[in-house]
Amino acid sequence: MTSTDAHDFGRYDPTTIAIAAGRPPRIAGGPVNTPVVFSSTFHAGGEVGYARESVPTWEAFEETLGLLEGGHCVSFASGLAALSAVLELVPVGGIVVAPDAGYSGALARLDALQEASRLTVRLVDVADASALRTACHGADLVFIESPTNPLLEICDLRALAVEIRASGALFVCDNTFATPLVQQPLALGADITLHSATKFISGHSDLLMGALVVSDPGLHERLHRIRHLTGGVPGPMESYLALRGLRTMPLRVRQAQASATELARRLTEHPAVTRVRYPGLPTDPGHAVAATQMNGFGAMLSVELRGSVADIDAMCGRTRLWVYATSLGGVESMLERRRRWDDEPKTVPAELVRLSVGCEDVEDLWADLSAALDTLSP
Ligand SMILES: *Cc1c(COP(=O)(O)O)cnc(C)c1O
């Protein structure tokens, strides 16, 4: 339904692609934006028959995100719906490798499927290359985050892709923290990139959506079919808002990333902070590998703090600009002690607070955060 063609876009910068792709044909008097199509069904005889197959509003979003990631995109109702579609590719009794400290929702889902004898999960520290190599042996699917949520660990994606190619497993990389602006897992050798589009892609904390992007047209078709039959489809309104957000993702991420770099440096010197996890810090264990596979280091960081968990939770509630809430990737900065959730892996320190840096002025963010942290200082 959209006029744009992948071949026209290869030469453009991501900032341009995010704005120019996914538009209707340029017809005099026609709309500039792909309309929100509220229709569950379509007149017989056309390309699409029913809205569980496709809706023009998703297609505009998928075209744009696909071009930014360098592949073909299938969008979903949420990041976890996208993960569920990927897991449909695993044979019954198959083996899935996953991070031992990754997104709690994904790990809880894998755990439930293991409980039901649907598949076997092998948890591994993604920063430990030799443990990862051992875990991948005989696996059907390797599901990796890099950077991980919330430990910001870095996996050597190129090296892992070589390892996995030899073993024949499918390689899925959750790229939610990095965004396609900062990291392109398909170019590094992954088969599937997964996004919670709820986060940086839509960028305004106003919707849930997910996406998969793949290079292989056959795999794209399989995932499209899985979505059609499992029904985890996004709504047209969400798709419209997500594309509207995606238009400014490169601008937002560049601003947030620059602020994250500065805040990470300042946080290392704050007396209430015992450790800063941010791959952009030269002292971070993931820095060297991250520098070879990322274009910048993203806008997520975590800090480990002095004080009881009750004191740390109270500190989170004392900020005025930073929003004390779960989720991430919005224009508004957010913070949260992740272990306040029962599902959070115990490999995450209880005193860890995850920071999602938004687009506010960095000095305002620092003043607000440092004042709250001062209340923890000995
Ligand atoms: C939030 C998140 C998800 C899940 O996405 P939803 O849109 O909430 O379903 C998956 N992976 C990561 C890294 C996330 O942060």
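The values are calculated or read from the model by the stated rules, or taken from the named source; none is laboratory data. Just so it is clear, the structure is predicted and the values come from calculations on it, not from any experiment. Positions of Cβ are backbone-derived with ideal geometry, glycine not excepted, and every protein chain shown enters the neighbour counts.
Check whether at least one residue in the stretch 329-337 is among the aliphatic types (A, V, I, L, M), part of a loop (DSSP other than H, G, I, E, B) and surrounded by 14 or more Cβ atoms within 10 Å (Cβ to Cβ), and report yes or no. Yes, the conditions are met somewhere in the stretch 329-337. Please pick out the residue among Leu132, Leu67, Leu107, Leu87 that is of a type outside the set (Phe, Trp, Tyr), farther than 26 Å from Ala18 by Cα and more than 15 Å from the ligand (Cβ to nearest atom). Of Leu132, Leu67, Leu107, Leu87, the one residue that is of a type outside the set (Phe, Trp, Tyr), farther than 26 Å from Ala18 by Cα and more than 15 Å from the ligand (Cβ to nearest atom) is Leu132.
Scanning the stretch 252-259 for residues that are within 14 Å of the ligand (Cβ to nearest atom), over 30 Å from Ile164 (Cβ atoms) and touching a residue at least 60 places away in the same chain (Cβ under 8 Å) turns up nothing.
Restricting the stretch 196-232 to residues that are away from the ligand (no atom under 15 Å from the Cβ) and in a loop (DSSP other than H, G, I, E, B), the residue that is surrounded by the most Cβ atoms within 10 Å (Cβ to Cβ) is Ser215.
Let's see how each residue does on (1) buried (at least 20 other Cβ atoms within 10 Å of the Cβ); (2) in contact (Cβ under 8 Å) with a residue 12 or more places away in the chain; (3) in a helix (DSSP H, G or I):
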site: Val36; (1), (2), (3): no, yes, no
site: Gly45; (1), (2), (3): no, no, no
site: Phe61; (1), (2), (3): yes, yes, yes
site: Val96; (1), (2), (3): yes, yes, no
site: Gly102; (1), (2), (3): yes, yes, no
site: Leu110; (1), (2), (3): yes, yes, yes
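Report yes if Ile164 is in contact with a Phe, Trp or Tyr (Cβ under 8 Å, 6 or more places away or on another chain) and more than 15 Å from the ligand (Cβ to nearest atom), otherwise no. Yes.
Among the residues of the stretch 164-181, how many are in contact with a helix residue (DSSP H, G or I) (Cβ under 7 Å, 6 or more places away or on another chain) and buried (at least 20 other Cβ atoms within 10 Å of the Cβ)?
The initial filter retains those residues of the stretch 164-181 that are in contact with a helix residue (DSSP H, G or I) (Cβ under 7 Å, 6 or more places away or on another chain), namely 164, 167, 169, 171-173, 175-176, 179-181.
With buried (at least 20 other Cβ atoms within 10 Å of the Cβ) added as a condition, the list becomes 164, 169, 171-173, 175-176, 179-181.
Residues that pass the stated criteria total 10.
For the stretch 285-303, give me each residue that is surrounded by fewer than 20 Cβ atoms within 10 Å (Cβ to Cβ) and closer than 26 Å to Val331 by Cβ. Within the stretch 285-303, Asn295 is the sole residue that qualifies. Of all the listed residues (Leu89, Leu80), the sole one being within 21 Å of the chain's Cα centre (by Cα), in a loop (DSSP other than H, G, I, E, B) and within 27 Å of Leu188 (Cβ to Cβ) is Leu89.
Evaluate the following for Ala127: is it within 12 Å of the ligand (Cβ to nearest atom), in contact with a helix residue (DSSP H, G or I) (Cβ under 9 Å, 6 or more places away or on another chain) and touching a residue at least 40 places away in the same chain (Cβ under 8 Å)?
On the way: within 12 Å of the ligand (Cβ to nearest atom): no; in contact with a helix residue (DSSP H, G or I) (Cβ under 9 Å, 6 or more places away or on another chain): yes; touching a residue at least 40 places away in the same chain (Cβ under 8 Å): yes.
Judged against the criteria, Ala127 is not a match.
Could you check the stretch 186-195 and list, in sequence order, the residues that are touching a Ser or Thr at 6+ places or on another chain (Cβ under 7 Å) and either away from the ligand (no atom under 13 Å from the Cβ) or farther than 26 Å from Ser333 by Cβ (or both)? Working first, answer last.
Restricting attention to the stretch 186-195, the residues satisfying the condition of being touching a Ser or Thr at 6+ places or on another chain (Cβ under 7 Å) are 186, 195.
Answer for the stretch 186-195, where residues must be touching a Ser or Thr at 6+ places or on another chain (Cβ under 7 Å) and either away from the ligand (no atom under 13 Å from the Cβ) or farther than 26 Å from Ser333 by Cβ (or both): just Leu186.
Quick grid of which residues meet (1) within 17 Å of Val214 (Cα to Cα); (2) outside any loop (DSSP other than H, G, I, E, B); (3) of a type in the set (Val, Ile, Thr); (4) outside the structural domain of Ala211 (by TED's automatic domain parsing):
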position	(1), (2), (3), (4)
Ile144	yes, yes, yes, no
Pro147	no, no, no, no
Pro150	no, no, no, no
Cys155	no, no, no, no
Glu163	no, yes, no, no
Ala166	no, yes, no, no
Val172	yes, yes, yes, no
Phe177	no, no, no, no
Leu186	yes, yes, no, no
